[in-house]
1. Find which of Leu30, Ala10, Thr50 sits farthest along the positive direction of the dipole of the stretch 1-56, computed with +1 on the beta-carbon of Lys and Arg, -1 on that of Asp and Glu, about the Cα centre.
2. Can you give the charge dipole size of the stretch 1-48 about its Cα centre, rounded to the nearest 20 debye, using +1 on the beta carbon of Lys and Arg and -1 on the beta carbon of Asp and Glu?
3. What's the longest uninterrupted piece of the chain once you rule out the chymotrypsin sites (Phe, Trp or Tyr not before Pro) that are loop residues per DSSP with at most 15 other Cβ within 10 Å?
4. Select from the chain the helices, each a whole stretch of DSSP H, whose alpha-carbon atoms run 20 Å or more along the helix axis and whose Kyte-Doolittle mean is at least -1.0; answer none if there are none.
5. Cβ under 13 Å from Gly15's Cβ, Gly15 left aside: what net charge do those residues give with Lys, Arg +1 and Asp, Glu -1?
6. Give Lys110/Lys142; Lys72/Lys148; Lys43/Lys123 a once-over and call out the pairs whose C-alpha atoms are over 28 Å from each other.
7. Name the long-range amide H neighbours of Leu48: under 5 Å, sequence gap of 5 or more, or other chain; modelled H, no Pro or chain starts.
8. Charges at C-beta only: +1 for Lys and Arg, -1 for Asp and Glu. How large is the resulting dipole of the chain about its Cα centre, in Debye rounded to 20?
Amino acid sequence: MTLDDYLREAEVAHGHLCAGQVLGVRLAMLGLEKLGIEDPRGKDRKRLVTFVEIDRCATDAISLVTGCRLGKRALKFRDWGKMAATFVDLGIKDVSTGKAIRIAAKESSKALARAMHPEIESKNQQQMLAYREMPEDDLFTKQWVSVKLPADEFPGYKGERIVCAECGEGVNFHREVLRDGRVLCRACAGERYYEIL
Ligand SMILES: [Zn+2]
Ligand SMILES: [Zn+2]
């Protein structure tokens, strides 16, 4: 699959073509290339877990290219507001510390896009074109990293399900909290993001 192939798919999946799609597709393609993963949505589909650090346009493109989805537990979201993603190769011997590469968009790429195409008024159009043309090293930084991925974070993990002592709702993947000797869900333990009306 080429950049253009992915962008066509990304446009359909995301709903529009934007600078974020170009950035996300290139970021993900670079991650796969560095890990030597050729067919992430086919024969290599169980080899990859991707951490994304932002929930913006590019995130959809990263998910599309890698085939890593939230519902498969292969896409992990860290809400850091950063245009970056880490690609973890599970297809190696010591899977507890996977070989991984973290790729971040350079802050300078926006200014460079302006310098490359001052004739284009729309920021989105300007960046869309410039992010296609820009050399990899102008667009991204890369770091080899090690990611500790506990067994219960793996996509295929099957664990026991406990029931919250307070609300009675079931909790998977060891997300329960022990509080004063009681096993609680995170909401009942005080991490509720909603208020009951
Ligand atoms: Zn978009
Ligand atoms: Zn509860």
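1. Working it through, the farthest residue towards the positive pole turns out to be Thr50.
2. On the way: 8 positive and 8 negative charges, 56 e Å.
About 260 debye.
3. Values: sites that count: Trp80, Tyr157, Phe173, Tyr193, Tyr194.
Free of exposed loop sites, the longest segment is 1-79.
4. Numbers: long enough: 19-35 (24 Å, 0.96).
Those that clear 20 Å and a mean of -1.0 are 19-35.
5. On the way: positive: none; negative: Glu9, Glu11, Asp60.
Net local charge, Gly15 excluded: -3.
6. Numbers: Lys110/Lys142 18 Å; Lys72/Lys148 19 Å; Lys43/Lys123 38 Å.
Beyond 28 Å: Lys43/Lys123.
7. Leu90
8. Numbers: 32 positive and 30 negative charges, 108 e Å.
The dipole magnitude comes to about 520 debye.
A short reminder: the numbers here are calculations on the coordinates, not readings from a lab. Keep in mind that what you see is a predicted model, and the values were worked out from it rather than measured. Because the Cβ atoms are built from the backbone with ideal geometry, glycine has one as well, and the counts that use them run over all protein chains shown.
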